[in-house]
1. I'd like the distance between the alpha-carbon centres of the stretch 1-74 and the stretch 139-175, rounded to an integer number of Å.
2. How long is the gain from Ala180 to Lys3 if the chain were fully straight, where each residue apart is worth 0.36 nm and the alpha carbon distance is subtracted?
3. Which angle between 0 and 90 degrees, to the nearest 10, do you get for helix 136-149 versus the longest principal axis of the chain when only C-alpha atoms count?
4. Working from Cα positions, state the angle (0 to 90°, nearest 10) between the long axis of helix 41-53 and the longest principal axis of the chain.
5. Could you give the angle, 0 to 90 degrees to the nearest 10, between helix 99-113's Cα long axis and the longest principal axis of the Cα atoms of the chain?
6. Stretched out fully, how many nm does the piece from Glu78 to Asp194 gain, at 0.36 nm a residue minus the Cα gap?
7. Please list 147-157, 214-224, 30-40 highest first by mean number of surrounding beta-carbon atoms within 10 Å per residue.
8. Running a GNM on the chain with Cα contacts under 10 Å, which residue among Ala46, Ala98, Ala107 ends up with the highest mean-square fluctuation?
Amino acid sequence: MKKAVLLLSGGLDSATCGVIARDMGFEIYAMSFAYGQRHEFELTAAKKVARFLNVKEHRVVSIDLKAFGASALTSEIEVPKKRDVENNSEIPVTYVPARNTIFLSYALAWAEVLNCTDIFIGVNSIDYSGYPDCRPEYIAAYEKMANLATVAAVQGQCLKIHTPLSSLSKSQIIKTGLKAGMDYSITHSCYDPDVNGRACGLCDSCQIRKKGFEEAQVIDPAIYS
């Protein structure tokens, strides 16, 4: 089987990306990050999703993005609630500076060690909060850079960054995952859950998830406070 590194957050998108990679016949090596985020429920979910996908290996890498702060996910900044996510072009404070660049760099390093030329990341540029590192042009630029930066690429093994969800709406992503048998009850999307892990229902991520399930006409298995 051909190997692929999957960036796995434990959320709906990365889980769907995982079932797509699995059904494409890849042997999956999943990578998650303890990066100083405000809660660990997403990492718990990532471990469940990794087991569900029957990945070859799942690594949780510890890095400290909390040292830089400037994001509601890595500092004491309040998570925005009840934003109009459909009509607001402002990038919210839940954006974590350079997060996808850092995550992809770790994935690139592991892929080179594994002699692997495929990386999957569940970025989306349709139903999302406007993060600049989710755009197709960013991924294309990173892929170009990666193929200048590794011994493998110099020797002719060019890297491909797969973004199968990039142009899909959230409802389309959900339908795709369900068709592939994904169990969304084990995923976690909320930026600001309560102490028991129940989703707030009001942050951008919760709003986008709830809207996606409503438009897909499927019951959302997430537990909301």
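Rule-based calculations on the coordinates, nothing more; no lab input. Bear in mind that the values here come from a model prediction, so they are computed numbers and not experimental data. A quick note on method: Cβ atoms are made from the backbone with ideal geometry, for glycine too, and the neighbour counts reach across all protein chains shown.
1. Here the answer is 16 Å between Cα centres.
2. Working: separation 177, 0.36 × 177 = 63.72 nm, distance 1.96 nm.
Once the chain is fully extended between Ala180 and Lys3, it gains 61.8 nm.
3. 30
4. Roughly 50 degrees between the two axes.
5. Tilt of helix 99-113: around 30 degrees.
6. Numbers: separation 116, 0.36 × 116 = 41.76 nm, distance 1.38 nm.
Taking Glu78 through Asp194 to full extension adds about 40.4 nm, to one decimal.
7. On the way: 147-157: 12.9, 214-224: 14.6, 30-40: 19.2.
Result, highest mean Cβ count within 10 Å first: 30-40, 214-224, 147-157.
8. Of Ala46, Ala98, Ala107, the Gaussian network model singles out Ala98 as fluctuating most.
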